[in-house]
Amino acid sequence: MTGARHILVLPDRDAAEEVAGALPERFGTAPEPQLVRDALAGEDDAEDAQWLVVIEDPTGELDPAALDALADEYDGWLEAE
């Protein structure tokens, strides 16, 4: 199976950090996922930013539905590619 990149969209930094911390335990992910602040178009206020958790999946073994369910626990979602 080919590798993939999964992007989870979370409402704030705290949620993104919690999800990133849960990934290794729940999915055995490595390396550490990348956290990226995603300012909404036209917004400068830090309160109006979403956070992305970028997960590299070189073996393509992670279940997108399970990742989406994890993000949903934190009011987020898996970004469709």
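The values are calculated or read from the model by the stated rules, or taken from the named source; none is laboratory data. In this text the structure is predicted, and so the values were computed from the model without any measurement. Cβ atoms come from the backbone with ideal geometry, glycine included; neighbour counts cover every protein chain shown. Calculation scope for accessible area: heavy atoms of the full protein, side chains included, ligands and nucleic acids excluded. Shrake-Rupley method; radii C 1.70, N 1.55, O 1.52, S 1.80 Å.
Within segment 1-56, the set of residues being open to solvent by less than 40 Å² (accessible area, probe 1.4 Å), at pLDDT 90 or above and not in a strand (DSSP E or B) comprises Ala15, Ala16, Val19, Ala20, Ala22, Leu23. Does Gly60 qualify as being out of contact with any helix residue (DSSP H, G or I) (no Cβ under 8 Å at 6 or more places or on another chain) and either open to solvent by 60 Å² or more (accessible area, probe 1.4 Å) or at pLDDT below 90 (or both)? For Gly60, the condition - out of contact with any helix residue (DSSP H, G or I) (no Cβ under 8 Å at 6 or more places or on another chain) and either open to solvent by 60 Å² or more (accessible area, probe 1.4 Å) or at pLDDT below 90 (or both) - is met. In segment 1-17, the residues that are polar (S, T, N, Q) form Cβ pairs under 7 Å with partners that are part of a loop (DSSP other than H, G, I, E, B), at six or more places apart or across chains, as follows: Thr2/Gly60. For Glu73, indicate whether it is open to solvent by 50 Å² or more (accessible area, probe 1.4 Å), of a type in the set (D, E, K, R) and modelled with pLDDT of 95 or more. Yes, satisfied.
Restricting the first member to segment 65-78 and to residues that are on the phi > 0 side of the Ramachandran plot, and the second to residues that are surrounded by 15 or more Cβ atoms within 10 Å (Cβ to Cβ) and in a helix (DSSP H, G or I), the beta-carbon pairs closer than 8 Å and six or more apart or on different chains are Asp75/Ala15.
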